[in-house]
1. Helix 160-180 against the longest principal axis of the chain: what's the angle in degrees, Cα atoms only, rounded to the nearest 10?
2. Report, to the nearest whole %, how much of the accessible area of the chain belongs to carbon and sulfur atoms, 1.4 Å probe, protein only.
3. Gln303's amide H: which non-local residues (gap 5+, or another chain) put their own amide H closer than 5 Å, with H modeled 1.01 Å from N in plane and none for Pro or chain starts?
4. Could you tell me whether segment 333-406 comes out rounded, prolate or oblate from its Cα gyration tensor? Rule is a ≥ b ≥ c as square roots of the eigenvalues, rounded for a/c under 1.5, then prolate if a/b exceeds b/c, otherwise oblate.
5. Can you tell me which of 204-216, 180-192 comes out highest on packing, and rank the rest after it, using the mean Cβ neighbours within 10 Å?
6. Which of the listed residues, Leu391, Thr405, Ser371, is farthest toward the dipole's positive end in segment 335-406, when Lys, Arg count +1 and Asp, Glu count -1 at the beta-carbon?
7. Do any of Lys142/Lys355; Lys38/Lys355; Lys231/Lys374; Lys279/Lys386; Lys322/Lys374 go past 30 Å between their Cα atoms, and which?
8. Give the Rg (one decimal place) followed by the Dmax (whole number) of segment 220-374, computed from C-alpha coordinates and expressed in Å.
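The values are calculated or read from the model by the stated rules, or taken from the named source; none is laboratory data. Everything quoted here is computed from the prediction, not taken from an experiment. Note that we place each Cβ from the backbone using ideal geometry, even for glycine, and neighbour counts take in every protein chain shown. Just so you know, the surface numbers come from the protein's heavy atoms only, side chains and all, with ligands and any DNA or RNA stripped out. Shrake-Rupley method; radii C 1.70, N 1.55, O 1.52, S 1.80 Å.
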Amino acid sequence: MGYSSDFGTLEFELGVKTLERWLLKPEKTMNISIAVPKERAQDERRVALSPAGVQILSEQGIRVVVESDAGCFCNFHDQDYAEAGAIIAESPEELYSEANVIVKVSPPQPEELHLLLPGQMLISAVHLGTVSRQMLKTLIDKNITALGFEFIETRDGELPIVRTLSEIAGSLAIQTAAKYLETGYGGSGILLGGIAGVPPAHVTIIGAGTVGLFAAQDALGLGAQVTVIDKEINRLRRFEAFFNRHLVTAIANEHYIAQLAKMSDVMIGALSPKLKLNKPLVSEQIVQSMKPGSVIIDVSIDQGACFGTSRHTTHTNPIYVKHGVTHYCVPNIPSAVAKTATYALTNTLLPFLLKLNAHQTIPEILWNSHSLRKGAYLYKGYVTRKILAELTDLPFREIDMLLATA
């Protein structure tokens, strides 16, 4: 397995060298040691790095410690990691004590917070819809520098890690919807693509982003009728051009949403991961108007509910029925294909992890990397993403100001 070698968007040309030397007084040499824990969030089957990714890091002189059985759900064995150059830690305590950078999939669980050591760097997802003030406060108290998958952004505005996982989520959303439309799962008994003489299902996708793109692509490929709605007209224009008008688009206002809900067999919530949803876009009253046996897939649930009737579900218990509508609201949808998702995550993470070894201190790493600086949400005892500060009422500072005074 390879990894993307296109570092064009991971530019490191910020600042003049003399200014860097004045601003960045080296604290200590940053000998990178990366820890990859076994995930402890419910139903999280992915692991942050595959054995092939560990081998690439090891070959570049980066020490990698992997917790025993971390890759078991992906059929990656401890021996695979050891042969790739990793050190196998038999306990989480041993793992966290052996590293200065923790790379994991899910945000730290309550039982993991005490394992983090002062001054470490954490790279993981954040999940705006369920972010905990206590978690952030604990990380701040430990002076953790934290980077979020949702925030790591290239200079052209792309969210590379989010995009990779969104591609998987979009495809799985259609695969899942097709299953729950089946009679045996309590659905309306409609074949998503129909057959000659029998019309296909109607799929409405809320959000013209990456999830929406891949969901629309798979739904059209199966022969479904597809409508995509979004609040931004330019995003809808791009969809129409990309799909050569083989789908219908509409502005996401209450009028169109209410109309589409009545005719849809499937509705997919695929809103931007940059947003924390303060209010569901589709009200409970509109959900009530949907046809019995129809299906809702709320991919946006980890950022906040897209539907007024959505609540978190798990891979173990993925669905519930309300108002005759089957709801699938699993926040970590890509975990259903853990091996594919781990390979994809590794491919996307590797360029960023390799850049950690290029500088001597955390301030230098963040100052020189636009992408990693944008990804930081905790630094020097402050929240550095405004949306998180607003959600948790914790003190906020701009990351650039903190780095300038480092």
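1. Compared with the principal axis, the helix lies near 30 degrees.
2. For the chain, the apolar C and S fraction of the accessible surface comes to 51 percent.
3. Here the answer is Gly129, since their amide H atoms fall under 5 Å of that of Gln303.
4. Oblate.
5. 204-216, 180-192
6. Positive-most Cα among the choices belongs to Ser371.
7. Long pairs (Cα-Cα over 30 Å): Lys322/Lys374.
8. 19.3, 60
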